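Beneath this line is the structure, given in C-alpha cells, with notes to follow.
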Protein chains: 2
Amino acid sequence: MGLIVQKYGGTSVGDAKRIHNVANQVIEEKEKGNDVVVVVSAMGKSTDHLVELAKGISEHPSRREMDMLLTTGEQITISLLAMALAEKGYQAISLTGWQAGIQTESVHGNARIIGIDPDRVEQALKQGNIVVVAGFQGITEDGSISTLGRGGSDTTAVALASAIKADKCEIYTDVTGVFTTDPRYVKEARKLLSVSYDEMLELAHLGAGVLHPRAVEFAKNHQIQLEVRSSLIREAGTIIEEEVKMEQNLVVRGVAFEEDIMRITIIGLPNSLTGLSRIFTALAENQINVDIIIQSTLQDQLTNLSFSIKSENLNETIKVLEERKDVLKYEKIESEGNLAKVSIVGSGMASNPGVAAEMFEVLSMNHIEVKMVSTSEIKVSTVIEQDRMLAAVEALHEAFKLSGLPVNS
Amino acid sequence: MGLIVQKYGGTSVGDAKRIHNVANQVIEEKEKGNDVVVVVSAMGKSTDHLVELAKGISEHPSRREMDMLLTTGEQITISLLAMALAEKGYQAISLTGWQAGIQTESVHGNARIIGIDPDRVEQALKQGNIVVVAGFQGITEDGSISTLGRGGSDTTAVALASAIKADKCEIYTDVTGVFTTDPRYVKEARKLLSVSYDEMLELAHLGAGVLHPRAVEFAKNHQIQLEVRSSLIREAGTIIEEEVKMEQNLVVRGVAFEEDIMRITIIGLPNSLTGLSRIFTALAENQINVDIIIQSTLQDQLTNLSFSIKSENLNETIKVLEERKDVLKYEKIESEGNLAKVSIVGSGMASNPGVAAEMFEVLSMNHIEVKMVSTSEIKVSTVIEQDRMLAAVEALHEAFKLSGLPVNS
C-alpha cells in the first residue's frame, strides 16, 4: 500500500463531466489499495473570470485582495471534487491551502512555500478519506491568504508529497508527457520517457510549460519522483527523477521556446559597485522576473546593461527604473519588443564542447539574428526576433536529431 | 468618534457599479470620523450559481462541502469591496469569517455563532483600516468552514457589533425600513419609524424577510441598536431598540405573511411521554424547522398531531418520520400543501384582550377558513389557504387601521 499525490490542472477539472472523470481516476488509484491526496487548480477559465471582475472594480487592485479573490477558484474545485467522490461512494474531504497547513512567506501574488504542517492531511488520511487540497494557495504568518503565482498548484502537490512522504507525485495535465519541443507547434516533437530534474528545470524555466520550475526544484531538493501524464489519454507519461537512462546518448534532449520577450537596455550607466544590485533588487521587490542579463563593463566608462523580461512587465519595469533615475544616474532606457527565446537543453551538453557553436551555426544558416545569448551547464538560450521563432525551433529540432526518436523513447 | 458596523446584502453588491456605490456610502461614514466595519453577502445571484454547480455534480452533496463551496461567494465580495475602497484612496482590508474570528458550532449549513475573537478586526481598525468582513460564514472548532444559514450575514453583523462594542449596527437592504406589511403586495403598507426587538423578532420569524430572526435575538440579548435602511434610497430607516415611543398607541403594528407552508398531520399516534420529543428531536437533528405545532391529547386514546413546515422540507420530513414509524407506532401521515401563514404583531396586544377574536372575525367576514392557529404574547398567527393570503393581509391591514399611518410614523 502506497501514498500517492495526484495533481490535476484547470483544464482537467473544467466542467462537471471532467470533474467526474478526475474522480474516477482518483478512485482507480484508491482501489489499488493506495492512499490518495489530490491537488486541484481552479476550473478552466474561472481565474480569468475573477480577474475580469477585479478589473471592473479597480485598475490596480492590491495583491493581497487579488489573492483573496483568486483563491476562491480552487476552493470551488475542491468542494465539487469531494462531492463527486462522495457521490461515487468514497469518503472524501476538501481542504483549502491554509487548512492543509501550506505556510508561505508574507508576499502576495507570488509567495513561496516556507513550510507545511502535514497534521491535518495525515489525520484525514488516517480517517480513511481521500483528501482533496486546493493548489496554488497558502497562508502567511499573519494569517492572510496568499497565492504561489502561476503554476503554483504543481508546487503545492510536490511540497505536500514531500511533507507527507508520498511515494510518488503524479502531475496530470493536458499533454501526455514532456516532449523534445512543443508538439502544438512542431509536429516532429517526440515524447521523452524520462528526464532528469535539471533537464526538466531548464525546460520548465524555458517555457516548456508542462511543469512549474519551483515544483521541479522542490522535487529535486527532496528527491520526489514526479510523473507528468495526461488526464484524458491513458498512457505512460514522462518520469522525472535523478537517474536517467541516457536515451541513445542524446546530447540535446529538447528545444524550448518562449514568446513575448522584451529586451530593456539601460544606456550610459556609471560604473558603480552598487548599481547592478540596486537595479535588480528594485525589480525583484516589484515581482518582476528578469531572465537573461548581459553586461560587460570597462573601467572608468559609462556602460550599457541589457536584460530580458516578459512583455507584460514592460510598464512596471520602466516605472521602477524611472523612479530611480536620480540614484542610478543613467542616460536613458531603450526597449525592444517582439522577441522570443529559443533554447536547447540536455544534461550531456556539459561534457560535449561545440554544442553552442553548432546551435549558432544552425541559426546563422537560417538567417536568424541572435540578439542575446545566455548559457548554463545544460542549456544554451538565445533571444531572436519572434517571427523567426518557429523556424529556429524546427531547424534546431532537426539538426540535433530529435525528430528521429521513436514515439515512446 | 464612533464605531459603526454596516451590513450590505446581496442585491446591494450585485455588480461593480453597486459595489462602488456601497464603497461611497462606507466612505461617507468614515469621513464623519467614525471607524467602520462592513459585513457583506455574496453578490446577487452568485449563491444560486454555486448551488447549480453542485447540483451538476451530486444530487445530495454533503453540507460540509456545500459550505466550502458557498463561502467563496462572500469571499469574492469582500475582496472586490476592499479593492473599491482602495481605488478611492481609503485603506481597507478584507477578512473571511474565520479570519474575523467568527467561531460557530460544529454544524454545517445552519451553524450558530458560539463566539467571536475580535482581536484581528480590532487590530485592523487600529491600523486605520476600513475592515470588510465576509458575512454568513465562520469556522468550527475543528477548523472547518461553516455557514450560518439563510440571512446569516445579518447575524454576523450584529454579533460582530456586539464583540467589538460598536455604537450602532446598520443593516442596508433593498427596502427603506420595516413596514406594517409587505409593500410589494399591499400598496397601503407604511414604514414604521421604530419597533421593539420583540416585535421585530415576531415580524422576522413570520417572514417579513427584512432581518434574520437570529440577528434580532442577538441584538436584543446584547442590546445592540439596529437600523434597517435602504442602500439605494437615502432616507431614515427603521430603528430597532428596546424603548419604543408608542406610535399612536397602536395595538397591532404589522401584518406579516409567508407562502409555501405545508401542514403535516400524524394520525393515530399512541399516547406516550416520549413521542413528541422523539419526533421533534429527529426533525431538529435533520435541520428541519417546524413552526406551528398543534396537539390536544385525550387520556388512553390515539391522537393526531399537526405541525407546519416550509414546503421545501416536505420530502425530508416524510423520510425522517417514516424511518421512525416502528418506534413512533403511528397509523399514517397526511400532508396538505398550498397553505400560507398570516400573522398580526404588536407589543400592545398582550394587554389588549379581544385582538385575536377581532382577527378571526375579519377573516370569517372575508370567508377565509382558519386551518391552524398559534399565539404568543405579541402575535397571533393563522394558517390559511395560500390563494386567499393577500385578501387576508389586506383586510387585516385595513381593519387594524395600519393603512392610515403617515408615511414616516
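The values are calculated or read from the model by the stated rules, or taken from the named source; none is laboratory data. On a predicted model such as this, the values are computed, not experimentally measured, just so you know. Every residue, glycine as well, gets a Cβ built from its backbone with ideal geometry; the counts of neighbours run over all protein chains shown. To get the accessible areas, we keep the full protein, side chains included, count just its heavy atoms, and leave off ligands, DNA and RNA. Shrake-Rupley method; radii C 1.70, N 1.55, O 1.52, S 1.80 Å.
Taking 0.36 nm per residue of separation and subtracting the Cα-Cα distance, what length does fully extending B:E331 through B:I267 add? List each step's numbers first, then the result.
Numbers: separation 64, 0.36 × 64 = 23.04 nm, distance 0.57 nm.
Stretched fully, the B:E331-B:I267 segment lengthens by 22.5 nm.
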Angle in degrees between helix B:355-365 and the longest Cα principal axis of chain B, rounded to the nearest 10: 70
Rounded to 10°, Cα long-axis angle of helix B:46-57 versus longest principal axis of chain B: 70
Shortest-first nm distances, A:V370 label point to equivalent points in other copies (7 Å, Cα→Cβ): 9.7
Nm distances between copies for A:E285, ranked from closest, using label points 7 Å along Cα→Cβ: 6.2
Accessible carbon and sulfur surface of the range B:3-174 relative to its total accessible area, %, 1.4 Å: 47
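For every other residue with a beta carbon closer than 14 angstrom to the beta carbon of B:L80, add +1 if it is Lys or Arg and -1 if Asp or Glu, then tell me the sum.
Working: positive: A:K55, A:R64, B:K17, B:R18, B:K88; negative: A:E52, A:E59, A:E65, A:D67, B:D15, B:E74, B:E87.
Around B:L80, the charge tally is -2.
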0 to 90° range, to nearest 10: angle between helix B:275-285 axis and chain B longest Cα axis: 30
Long-range amide H partners of B:Q6 with built H, under 5 Å: B:V37, B:V38, B:V39, B:E170
Estimated inter-spin distance, B:H222 and A:D48, nm [label 7 Å along Cα→Cβ]: 4.4
Between the range A:92-150 and the range B:66-114, the Cα center-to-center distance that results, in Å: 18
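Between A:Q295 and A:T274, what length comes free when the chain is fully extended (0.36 nm per residue of separation minus the Cα-Cα distance, one decimal in nm)?
Extra length from A:Q295 to A:T274 when fully extended: 6.1 nm.
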Nearest beta-carbon to the B/A symmetry axis - residue in chain B, distance in Å: B:T72, 2
Cβ-vector label at 7 Å, B:N315, separations to other copies in nm: 5.1
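Taking the Cβ of A:R120 as the center, what net charge do the other residues with Cβ under 13 Å away carry, scoring Lys and Arg +1 and Asp and Glu -1?
Values: positive: A:K126; negative: A:D117, A:D119, A:E122, B:D142.
Net charge around A:R120: -3.
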Where a label projected 7 Å from the Cα of B:Q127 along Cα→Cβ would reach, residues of the range A:106-145 with amide N under 19 Å: A:106-112, A:138-145
Cα-based reach from B:K371 at 16 Å (exclusive), listing lysines while leaving out same-chain residues under 8 positions away: B:K310, B:K341
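Can you tally the net charge around A:F179? Count Lys and Arg as +1, Asp and Glu as -1, for every other residue whose Cβ sits under 12 Å from the Cβ of A:F179.
Working: positive: A:R184, A:K187, A:R190, A:K191, A:R253; negative: A:D182, A:E188.
Computed value for this residue: +3.
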Long pairs among B:K30/B:K191; A:K126/A:K165; A:K17/B:K55; A:K165/A:K191, criterion Cα-Cα beyond 21 Å: B:K30/B:K191; A:K165/A:K191
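Pop the C-beta distance of B:S230 and B:D119 into the FRET formula with R0 = 35 Å and round what comes out to the nearest 0.05. Provide the component values of the computation, followed by the final result.
On the way: r = 33 Å, r/R0 = 0.95.
The calculated FRET efficiency here is 0.60.
Which of the three applies to the range B:3-174, rounded, prolate or oblate, going by the alpha-carbon gyration tensor with a ≥ b ≥ c and a/c under 1.5 meaning rounded? Present the calculation step by step, with values, prior to reporting the outcome.
Numbers: a/c = 2.14, a/b = 1.39, b/c = 1.54.
Oblate.
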Average accessible area per residue (Å²) across the protein assembly as shown - probe 1.4 Å, nucleic acids and ligands excluded: 43
Residue among B:L211, B:L396, B:L269 with the largest mean-square fluctuation in a Gaussian network model of chain B, springs linking Cα atoms under 10 Å: B:L269
